[in-house]
Every structure is written in structure tokens, then in C-alpha cells.
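**Q** Have a look at this one before I ask anything.
The values are calculated or read from the model by the stated rules, or taken from the named source; none is laboratory data. Worth saying up front: this structure is predicted, and the values here are computed from it rather than measured. Cβ atoms come from the backbone with ideal geometry, glycine included; neighbour counts cover every protein chain shown.
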């Protein structure tokens, strides 16, 4: 068991990033009752933006973070008004096909513009390794984990403590009475998409520091984020953060204890068990 | 501005009815409204003056709730006009009606934010007010009106009893500092002694603060007795109007609602 610390520490930091990816998904789900299947494909887009800013303008991911996050926020608002708004109140299948359509669109555009080759950011400012207990981790991974946790916490704080955050919660809990106190539901939905894509965009920037970038990079993250949201409870931000970390740990542990090829089998089996036993997740209040 | 309009209209020698149209707080003219294909309201005309207490009674399905929704803008009328202080408000975003006209709609079934605390629900009632101090003062006022809410301020709104939730919904509506308070069946699912207390409070708000009240009820005894004026609705139309106490004695109401 000499590598157990290594496994736990890398699982933990990966999980923190999963947490940040998951909160945007959870937020949109909680507020609009809608699953954004293209969530991680928007992250892929953010990874490419980060890569392009680095390779064309020499801007390190550390500095392109605010730029990419702001751009993704705008893209989220735009996506809401151009696409999503038109399927609100529609059938579930309409909404599902709509965001699936975005998956195909985003991946195809990426393939067309940047080819299917794997890209990587060479020697960003944050590079090299660091020792944590007996584990050795890339600095990029550590920065990604810590910054993700911080950002996720900040978003939670905004929702819990600010006037606009309360308006978001109110919209999530009763979208019919929110307008009766003067809340514009349409704007809240747009805001949820903005925050959702900005947060997953930030995760994309962090990942770009040490992860390969290619058009289908979102797929695995999307599934893991869905598992985290289901575990944490639909719409629960702290739930998504904790569950994201749990998924990271389970993934790493099962890869180590059983067989790397089976790590997702364990994660997704757990997902099925939770859906059967506790459909609202562990922090969920949604009915 | 409103006064000028009235004077200009006077100068132009408009008929008497047009003058009153301009000075009403709320006025509906031949409003027809409903949902996807079905007409619920047909040609409804009514008005509420400043500081007035107006009741609308009618049986289940008469269109009372649709009427309030049409005023607050959550349902869009097919035809007719809704004016608040002389300005047309049909087609406005409901959130703008709240913000600009300060019409508070306390909906049927209360529709609180169930997993937020009573305090959060109340503060959201003043969502359009940005001045923090003003919000706190208003909060103190509504908590004085409903002391029970002060005791429960940290409790999730959805876990309270029906009566407490109704108080919370009315208090949330009052946080807006409304010029018109519309209530949809506040007695529904509330135990009788609390209903009486809620009505007392409504009367107090109307008399002390001068807030106009438009009350929709199935329970005709209380609501007609309290009202300055009242309307009786039947299958989407206004069947009668008059002073509340008179209507309670009228043939129509006695036949239709008291089974006499």
C-alpha cells in the first residue's frame, strides 16, 4: 500500500475540479429543471480558448483565466437567449435533444477549426511537481484543485448571501411567484447559464495547464459531473462540491485497488445504486 | 402627471365617465382573458379607487383567480384594457408591474419560496427596494402586524402551518409597500380563528396605511361585510355589484351562495 497516499491525494485534487465542473450543471438543473448535456463541451471550448491565447498571444493560463471566464459568461447568456429560451416549457425530450444538439455542434466546430489532434500547453508558468506528504503531484493539478474549490465556494457564497443570489434561489423554488415580487425569471435563467458556463470555463482553464485538449475531451467529464450532481442532490451547490470530491476519490481508489480499466465501472455502478436508493441525492431537496 | 391629465380632460370637456376613468386607481374595461383556447373572463369591467376595500365573490371556477392574474400580468388578456392610475398595463412584464405600479399579488396557494426562511421570503418581497434601511423598517412593520412571523423568522417557510404560511405570503406582499394589495382566497386551508385574525389585519392595513385592497374569496360572509364595494362573479362575468353589505342581502347572493 505504499502508493495509497499518492492515490488519495491525486484523487482529492481531481475531485475538487470535478466539483467546480458540477456546480454549473447543478445550478442550471436546480433553477430551470433542465440538464445541460453540453456542459463539458463548453469546457472543451474554454480549454481551446486558453490554448489559443497561450499559443497565439503568449498569455499564460494564469492570466487568461478572467478573460476566458468572462467570455464564457457572455457565451452562456447568449446561448440562453438564442437557443435555450425557446425550449423552456417544452417537453423534456425537446430540451434534451436541444442540449444534445449543442454537444454535436460544439464538437464539430472544434473539429473543424482546430482538427482532432491532441494539443497541450507547453511549459506554462505553473509547471513541475510538488510533494504533498508522500505523494508527488504536478503543480498544475494542485493549483487547479485549490482554485476550483475556492471558486466553487465563492459562487456558493454569492448565492447564499447576496440579493441576486436570493433571487436565483427564489426562482429555483418557485418560478411562478418569483415575478410577483419583481424578479425577472428570464434574466435569472440567463444568469444561471452565465454563471454555469463561467465556472465550467474556469475549470477548463485550470485543466488546460496539464491536460490534453481535443474536441471530445468533455465526454468523460460530463458523465462524472452528472454522477456528482446526482450524488450531491440536484440543485445543491455544496452537494455538488462534496460529491465531486467523492467521485474523484472513488475513481482514483478503484483504479488503484481493482484495475485502472474498471475505475469508471465502479463510479457509474455507484451512481446507479444512488439513483435507486436515494433518488434525491445526499444533499438534495428537489422533488 | 395624473392630475394634469384629469385637468386637461376637464378642459377638453370630456364626458363624466372619461374623467372618472382617469382618476381610478385600477380600472378594467371589457376584459376577456383565459388560457389556451378557453375564455375564462368575458367582458369584465370593474374599478378600484384609492384606499378602497373591494371584494370579489363567486363560486369555484367563476374566474376570480384569472382576474387577478390578468391584472398582475401573469395571464395576458385577449381583449379589453387594464389601467393603473390611468396608464395601460396590459402586455407589461409582471415583474415590471410589481416594480412600477407596486401592485402586490398574494396568489392562491400562497406560493412561498418553501426552502427559504421566513426572513428570506419577506426580504424577497422587497426585492425591488434597494435601500437596505428602508427594507429593515418595512420588515419591522410587517413583523409587528404578524408577531408570529417574528418568532418563526429563521424557520423554512414550507414547514409552517397553513395559517402561518398565509400570514407570510401577505407579509411578503406588504414588504413591497404596495398601492394595491390583491389577495386570492387567503382563507383557503387556514383554520377559522386564524382567518378571523388575518381579516382583522387586512382591515387594519386598509384603514391605517390606506392601501387599496382587492380581495377574492369564496367565503362571502367575511369578505362582503368588510368591503366598501363588491362584485359578484358568475362564469367569467360580473353578475352584480354594489356595496358589500347590500350585496349580502341581495336576492342573487342569497340564492346562489346561501341556498335560500
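**Q** Residues of segment B:117-161 being within 14 Å of chain A (Cβ to nearest Cβ), assigned to a loop (DSSP other than H, G, I, E, B) and over 22 Å from the mean Cα position of the chain (by Cα), which ones?
**A** Listed by number, the residues that qualify are B:130, B:131.
**Q** Among (1) in a helix (DSSP H, G or I); (2) buried (at least 17 other Cβ atoms within 10 Å of the Cβ); (3) touching a helix residue (DSSP H, G or I) at 6+ places or on another chain (Cβ under 9 Å), there is one condition residue B:230 misses while meeting the rest; what is its number?
**A** The failed condition is (1).
**Q** Let me ask something additional. Which residue, of B:109, B:34, is away from every other protein chain (no Cβ under 14 Å) and surrounded by fewer than 23 Cβ atoms within 10 Å (Cβ to Cβ)?
**A** Within the list B:109, B:34, the selection yields B:34.
Residue by residue, here is whether (1) part of a helix (DSSP H, G or I); (2) over 20 Å from the mean Cα position of the chain (by Cα); (3) within 14 Å of chain B (Cβ to nearest Cβ) holds:
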residue	(1), (2), (3)
A:152	yes, no, no
A:158	yes, no, no
A:166	yes, yes, yes
A:175	no, yes, yes
A:186	yes, yes, yes
A:192	yes, no, no
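**Q** I've got another one for you. With respect to residue A:24, determine if the residue is crowded, with 24+ Cβ neighbours inside 10 Å, at pLDDT below 95, within 18 Å of the chain's Cα centre (by Cα) and within 29 Å of residue B:113 (Cβ to Cβ).
**A** The answer is no for residue A:24.
**Q** Would you mind finding the one in A:66, A:124 that is part of a loop (DSSP other than H, G, I, E, B) and out of contact with any strand residue (DSSP E or B) (no Cβ under 6 Å at 6 or more places or on another chain)?
**A** A:124
**Q** Of the residues in segment B:88-105, how many are closer than 22 Å to residue B:168 by Cβ, in contact with a helix residue (DSSP H, G or I) (Cβ under 8 Å, 6 or more places away or on another chain) and at the interface with another protein chain (Cβ under 8 Å from one of its Cβ atoms)?
**A** 5
**Q** Could you check segment B:233-260 and list, in sequence order, the residues that are surrounded by fewer than 18 Cβ atoms within 10 Å (Cβ to Cβ), in contact with a strand residue (DSSP E or B) (Cβ under 7 Å, 6 or more places away or on another chain) and not in a strand (DSSP E or B)?
**A** If the condition is that a residue be surrounded by fewer than 18 Cβ atoms within 10 Å (Cβ to Cβ), in contact with a strand residue (DSSP E or B) (Cβ under 7 Å, 6 or more places away or on another chain) and not in a strand (DSSP E or B), then B:250, B:252 are the ones that fit.
**Q** Still on this model: Looking at (1) under 18 Å from the mean Cα position of the chain (by Cα); (2) not in a helix (DSSP H, G or I), find the lone condition where residue A:30 falls short.
**A** (2)
**Q** Okay, next question. How many of the residues in segment A:144-158 are surrounded by fewer than 19 Cβ atoms within 10 Å (Cβ to Cβ) and closer than 18 Å to residue A:235 by Cβ?
**A** Total satisfying the criteria: 4.
For (1) buried (at least 16 other Cβ atoms within 10 Å of the Cβ); (2) more than 14 Å from chain A (Cβ to nearest Cβ); (3) in contact (Cβ under 8 Å) with a residue 12 or more places away in the chain; (4) farther than 28 Å from residue B:82 by Cβ, each residue gets a yes or a no:
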{"residue": "B:184", "(1), (2), (3), (4)": "yes, no, yes, no"}
{"residue": "B:190", "(1), (2), (3), (4)": "yes, yes, yes, yes"}
{"residue": "B:198", "(1), (2), (3), (4)": "yes, yes, yes, no"}
{"residue": "B:209", "(1), (2), (3), (4)": "no, yes, no, no"}
